[in-house]
Structures are given as C-alpha cells and as structure tokens.
1. Could you tell me how many of the residues in segment 36-51 are touching a helix residue (DSSP H, G or I) at 6+ places or on another chain (Cβ under 9 Å) and either over 12 Å from residue 74 (Cα atoms) or surrounded by 15 or more Cβ atoms within 10 Å (Cβ to Cβ) (or both)?
2. I need the full set of residues from segment 34-50 which are among the aliphatic types (A, V, I, L, M) and free of Cβ contacts under 8 Å to residues at least 12 places away in the same chain, in order please.
3. Could you please give the count of residues in segment 41-68 that are of a type in the set (D, E, K, R) and under 18 Å from residue 18 (Cα atoms)?
4. What residue, among those in segment 15-35 that are among the hydrophobic types (A, V, I, L, M, F, W, C) and assigned to a strand (DSSP E or B), is least open to solvent (accessible area, probe 1.4 Å)?
5. Among the residues of segment 3-45 satisfying the criterion of being of a type in the set (Val, Ile, Thr) and touching a strand residue (DSSP E or B) at 6+ places or on another chain (Cβ under 7 Å), which is modelled with the highest pLDDT?
6. Inside segment 69-83, can you point out the residues that are part of a loop (DSSP other than H, G, I, E, B) and under 15 Å from residue 21 (Cβ atoms)?
7. Among the residues in segment 57-68, are any more than 15 Å from the chain's Cα centre (by Cα), of a type outside the set (Lys, Arg) and in a helix (DSSP H, G or I)?
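The values are calculated or read from the model by the stated rules, or taken from the named source; none is laboratory data. Not measured: the values here are computed from a predicted model. Backbone-built Cβ (ideal geometry, glycine too); neighbour counts: all protein chains shown. The protein model used for the area step is the full one, side chains on, heavy atoms only, and it has no ligands, DNA or RNA in it. Shrake-Rupley method; radii C 1.70, N 1.55, O 1.52, S 1.80 Å.
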Amino acid sequence: STVQSKGREAAGFSGRGGVQGNLDPGILLANHDVIKERTEEILKKAGPTGHVMNLGHGIEACTPEENAHFFIQTVRNFRHKDN
C-alpha cells in the first residue's frame, strides 16, 4: 500500500486534488481498539485535507454492524492535532 502523502507526490498534486485512503474491510472484524488504531493511522498519514476515508472494497456480510458504526464514528470524531 502507498502512504497517502507519497501518493499525492507521485500523482503530481501540489496543494490541489485529493486522495482516497482505504481501510482493509477485514479490520472491521477485529475489536474496537484495533479498528480505532488502524483507522487513525490512515487518517494521520493522509493529512488534514483532501482525503476520502473508506474501505478498500465492499464490507463483508459477516461484519458486525456495531463495528461498522464504530469505524464511521472513529472517522467522524478524528481531529488532526495542530503542529
């Protein structure tokens, strides 16, 4: 996988344009601590702007609904720290 900031550089984005960062949908079968850790890792690497967070492909039918909801809430509640 490619770190989003490196993907922006490779695509020639200089301040404009966006990237899409994907969480492996299998992670949603893990516990909430793992879901939060992996989701926030992607969000931190992507930077504060120009990023669409989603799953790498469709959600698995066996994914617990509460885990999918937790993933969405984790993304919604995430805030980048000011440097």
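1. The total comes to 10.
2. 34
3. Residues of segment 41-68 that are of a type in the set (D, E, K, R), as a first pass: 41, 44-45, 60, 65-66.
Now restrict to residues that are under 18 Å from residue 18 (Cα atoms): 41, 44-45.
Here the count works out to 3.
4. 23
5. Narrowing segment 3-45 to residues of a type in the set (Val, Ile, Thr): 3, 19, 27, 34-35, 39, 42.
Okay, now just the ones that are also touching a strand residue (DSSP E or B) at 6+ places or on another chain (Cβ under 7 Å), so 19, 39, 42.
Working: 19: 75, 39: 97, 42: 93.
Filtering first and then ranking leaves 39.
6. Passing the criteria: 78, 80.
7. To start, the set of residues in segment 57-68 that are more than 15 Å from the chain's Cα centre (by Cα) comprises 60-66.
Now narrow it down to the ones that are of a type outside the set (Lys, Arg): 60-66.
Subsequent filtering for residues that are in a helix (DSSP H, G or I) retains 65-66.
Scanning segment 57-68 turns up at least one residue that is more than 15 Å from the chain's Cα centre (by Cα), of a type outside the set (Lys, Arg) and in a helix (DSSP H, G or I).
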